[in-house]
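Everything on this sheet refers to the single structure shown next.
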Amino acid sequence: MNRFESFIKTVFIGGVAVLLPILILVFIFSIVFKFATGLIEPFTHVLVERFEISVLLADVIVVFLTLFLAFIVGLLVQTNFGK
């Protein structure tokens with residue numbers, strides 16, 4: 001019975017060692033997502049009202065537009081115009 005208990009204990013600890021960091025990461029991403037969606041909520045609201053799309057789709061569109069805008073600004077800064 002000692003080998004069986006040792007096996008169960010090892011498997012359990014291994015499972016916790018794998019799942020715990022994943023759960024912590026999901027929890028942190030959830031907090032960051034709620035914070036980010038709170039920041040972009042005015043823009044999301046405009047898209048939802050005007051185009052009658054889901055809130056999740058509007059969130060995704062606004063995030064991609066924000067990232068695209070950051071890319072364009074970074075691109076302009078790297079040119080002679082930005083220097």
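The values are calculated or read from the model by the stated rules, or taken from the named source; none is laboratory data. In this text, all values refer to a predicted model and were calculated from it rather than measured experimentally. Only protein heavy atoms, including side chains, enter the accessible area calculation; ligands, DNA and RNA are left aside. Shrake-Rupley method; radii C 1.70, N 1.55, O 1.52, S 1.80 Å.
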(request) May I ask for log10 I(q)/I(0) of the chain at q = 0.11, 0.14, 0.26 Å⁻¹, from a Debye sum over the Cα atoms as equal point scatterers with solvent left out? (result) -0.58, -0.71, -1.10
(request) Give the carbon-plus-sulfur fraction of the accessible surface of the chain in %, rounded to a whole number; probe 1.4 Å, heavy atoms of protein chains only. (result) 78
(message) To test your reading of the geometry: what angle, between 0 and 90 degrees and rounded to tens, separates the Cα axis of helix 41-51 from the longest principal axis of the chain?
(response) 70
(request) Enter the accessible area per residue of segment 4-83 (Å², integer; probe 1.4 Å; all protein chains in place). (result) 87
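Could you give me D for segment 17-64, from Stokes-Einstein at 37 °C and 0.692 mPa s, where the hydrodynamic radius is the Kirkwood radius over C-alpha pairs? Units µm² s⁻¹, please. Can you show the working numbers first?
Working: Rh = 11.9 Å.
Value of D from the Cα-based Kirkwood radius: 277 µm²/s.
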